[in-house]
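Written out below as structure tokens is the structure these notes cover.
The values are calculated or read from the model by the stated rules, or taken from the named source; none is laboratory data. Quantities reported herein were computed from a predicted structural model and do not represent experimental measurements. FYI the Cβ positions are ideal-geometry reconstructions off the backbone, even for glycines, and counts take in every protein chain you see. The accessibility values were calculated without ligands, DNA or RNA, using every heavy atom of the protein model including side chains. Shrake-Rupley method; radii C 1.70, N 1.55, O 1.52, S 1.80 Å.
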Amino acid sequence: MELLQTYEAVTEQDSMFMWIAGVVIGVALTFLHLSFQSSEFKAKYTHNMRMLIGMLAFFALLIASGTLMFSWLTKAKLGPVSLYENRIQTPYGTTEFKAIKDIYFEESVEQTWLGTNGKRSKLLMIAEKKGNGHVLSEMNYPIQQIGNELKAAISKWKQKKETVD
């Protein structure tokens, strides 16, 4: 069937964190090398100061490596959403229109220790008849546009199906 629309995930924030983490990893590796291998560094600083610099560089290296890895995993997990004449393909799989039970928007509120005044985000929920679901967040996709286009495509598909039957 014909492809109607493709929506790419917005991952600029993940890309920015990946670049920052890469720079921090480079700086931390440089300081680790200097604190343990460089003879000029050994002559300039005491043993305790070099060990402190090495320890701080190691912790920065660990944190930046974790940030880089998890940002990459998030970016890899978020794929495009493709809307066809008779199905939708999300990072969670492909669903035929006849298998869709409901399409609705839901607001997610992050719980805080003070109550429910946390961060709010809007979600597009695509529920299948067999119980599976596709959840798209407004932080990553233009969900209002996807929801409207999907509903329009489903109604067009139903009209086309009725005229064939």
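Observations on the model:
- Per-region count, region 1-37, residues assigned to a helix (DSSP H, G or I), under 22 Å from Lys77 (Cα atoms) and modelled with pLDDT of 85 or more: 7
- Residue within region 40-53 that is outside any loop (DSSP other than H, G, I, E, B), under 30 Å from Ile143 (Cα atoms) and of a type outside the set (A, V, I, L, M, F, W, C) present: no
- Number of positions in region 92-112 that are open to solvent by less than 60 Å² (accessible area, probe 1.4 Å), touching a residue at least 12 places away in the same chain (Cβ under 8 Å) and under 22 Å from Gln13 (Cβ atoms): 1
- Single condition Ala153 does not satisfy, out of (1) open to solvent by less than 30 Å² (accessible area, probe 1.4 Å); (2) out of contact with any Ser or Thr (no Cβ under 7 Å at 6 or more places or on another chain); (3) within 30 Å of Gly22 (Cβ to Cβ): (3)
- Residues of region 113-135 satisfying the condition of being over 14 Å from Asp102 (Cα atoms) and either in contact (Cβ under 8 Å) with a residue 12 or more places away in the chain or not in a loop (DSSP other than H, G, I, E, B) (or both): Gly115, Arg120, Ser121, Lys122
- Under the condition of being touching a helix residue (DSSP H, G or I) at 6+ places or on another chain (Cβ under 6 Å) and of a type in the set (A, V, I, L, M), the residues counted in region 26-53 number 4.
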